[in-house]
Each structure stands twice: as C-alpha cells, then as structure tokens.
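J.: Before I ask anything, let me first share the structure, which is written out below as structure tokens.
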Amino acid sequence: MTHRRRPAQSGFILLFTLVALVVVLVAALSLIKAMDVGLLQAGNLGFRRDLVNQAERGMAQAMARFGSTGALATEALRNAHAPTVNYSASRLATNAQGIPTLLLSDAAFTAAGMTGSDLTDSGNGVTVRIVIDRQCTAVGDIAGNACALATTDGDRAADDRYRQVRGEAQPIYRISVRATGPRNTQAYFQSTVAR
C-alpha cells in the first residue's frame, strides 16, 4: 500500500479569516462611534428644546415687570436705569447678531452694574438671565431723545400718515434672554414690546 502525501497547507484560509475579522472589528467600532455621536446630538437637541421652555419663563418675568405692580410699571420708572431689575433706559451695545454685549459674559454683566438676580432651576442645572433695554439714545423723557417709537391706534385707517398723527407714540423695549443649561449649553432669545 502506498501512502499518498497530502499537499502542504498554505495558510491562505487563516490569513483570509484574520483579515475578515479585522474588517468586522473596524465596522463595529465605527458603528459604536456613530451611535455615540447620534446620542450626543439628540441630547444636545433635547437640552436646547428645554432651554426654549426655560427662556419662556424669563420672558414672562420680564413682561411682569411692565405690569401694573411691576418695577417698570410707569413711564417715570422707565425713564431711568434700574440695575436691580436688569433694565437700561438707553440702548445697550450689541454684537453683530443684535445680542447685548453685557449678556454675553458674566464679567461684562457685572461691569455694567446690573445687579438683578437670575432665574435658576438647580434641579435641572438651568440659569436664565434677563436684560431689558429701551431703544433710546439717552436716559430721560422720550420727547428729548432719539427713540425707536411705535405708534398705536385703535382705528385701522388705510392711510399711515393719518395713523401717525392720531396715534400715541410709545418707546420700544428690547427684552433679551440668555438661558444656560447643562454642559454649558446656551441659547439666546429676544422680543420687542412697546409700552
């Protein structure tokens, strides 16, 4: 009986298996990384949406200051600065996006002399800061200042000139809100009102 020799193994299958294993591991790591990024983005969107809701609280508090018992209830109160409620009777300096520069950093806020307290929700790690500025060039009565004015009239006449003659001129106030949340996420919101 003659024995036939088996052909020698070249190890090609082992090499192919190792390469396939490396490719599968790289694909698994890429998938894990993509999931981490997706979860991080979803978390940030959730934080931003929560900051929108928190900023609404700030807007409501700012509007309450203009109410009948608020710190800015009368025109005489609005003609002077009120740093205890973060109010400026003259237009504040802004950045290119129209956000008051003193709202951009805590140091600028303190340097401007604002002493009003922030709304804080320590359970959620959210802080809301409000700044109100009258859109006038100087402090004092609106008659002597260059103020941005809104005219109001209950009668909706088609002729704008007629409305401006009959309408009552009211200064415009800009309410700016900065909401700071977890992971130092920040969102800025603004609204203008005439009073």
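The values are calculated or read from the model by the stated rules, or taken from the named source; none is laboratory data. Because the structure is predicted, anything quoted here is derived from the model rather than measured. Note that we place each Cβ from the backbone using ideal geometry, even for glycine, and neighbour counts take in every protein chain shown. Protein only, heavy atoms only, side chains kept; ligands, DNA and RNA dropped before computing areas. Shrake-Rupley method; radii C 1.70, N 1.55, O 1.52, S 1.80 Å.
J.: For the full complex of protein chains and a 1.4 angstrom probe, list MET35, MET63, MET114 by accessible area with the highest value first.
T.: Details: MET35 110, MET63 65, MET114 20 Å².
So the residues, ranked largest to smallest area, are MET35, MET63, MET114.
J.: Now for a separate question. So between SER191 and LEU40, what do we pick up on full extension, going 0.36 nm a residue minus the alpha carbon distance?
T.: Values: separation 151, 0.36 × 151 = 54.36 nm, distance 3.02 nm.
Gain on extension, SER191 to LEU40, equals 51.3 nm.
J.: Still on this model: With n ≥ 4 as the cut-off for DSSP H runs, can you work out [θ] at 222 nm for the chain, using -39500 (n - 2.57) per run divided by the number of residues, rounded to the nearest 500?
T.: -12500 deg cm²/dmol
J.: Can you list the HN-Hα couplings for the stretch 115-128, worked out from phi with the Karplus curve (6.51, -1.76, 1.60; θ = phi - 60°), rounded to whole Hz and with x for Gly and Pro?
T.: Ordered by residue, 3J(HN,Hα) equals 10, x, 7, 8, 7, 10, 10, 5, x, 9, x, 10, 10, 10 Hz.
J.: Give or take rounding to whole Å, what are the principal axis extents of the alpha carbon atoms in the stretch 48-144, in descending order?
T.: That gives 45, 33, 21 Å along the principal axes, largest extent first.
J.: Further, regarding this structure: Once you wrap a convex hull around the alpha carbon atoms of the chain, what is its projected area averaged over all directions, in nm²?
T.: Averaged projected area of the chain's Cα convex hull equals 22.8 nm².
J.: Under a Cβ-Cβ cut-off of 11 Å, what is the net charge of the residues other than ALA71 that fall near it, where Lys and Arg count +1 and Asp and Glu count -1?
T.: Residues close to ALA71 contribute a combined charge of +2.
J.: Counting only protein heavy atoms and using a 1.4 Å probe, what share of the accessible area of the stretch 1-148 belongs to carbon plus sulfur, as a whole percent?
T.: Working: 6150 of 9760 Å².
That fraction is 63 percent.
J.: To the nearest 10 degrees, how steep is helix 12-65 against the longest Cα principal axis of the chain, on a 0 to 90 scale?
T.: Helix 12-65 sits roughly 10 degrees off the main axis of the chain.
J.: Taking 7 Å along the Cα-to-C-beta vector as the label spot, tell me the THR110-ARG49 distance in nanometres, rounded to one decimal.
T.: 3.6
J.: Evaluate the relative contact order of the chain (contact order divided by residue number), counting alpha-carbon pairs under 8 angstrom at least 6 apart; express in whole percent.
T.: Values: 266 pairs, mean separation 38.3, N = 195.
Dividing the mean separation by the residue count of the chain yields 20 percent.
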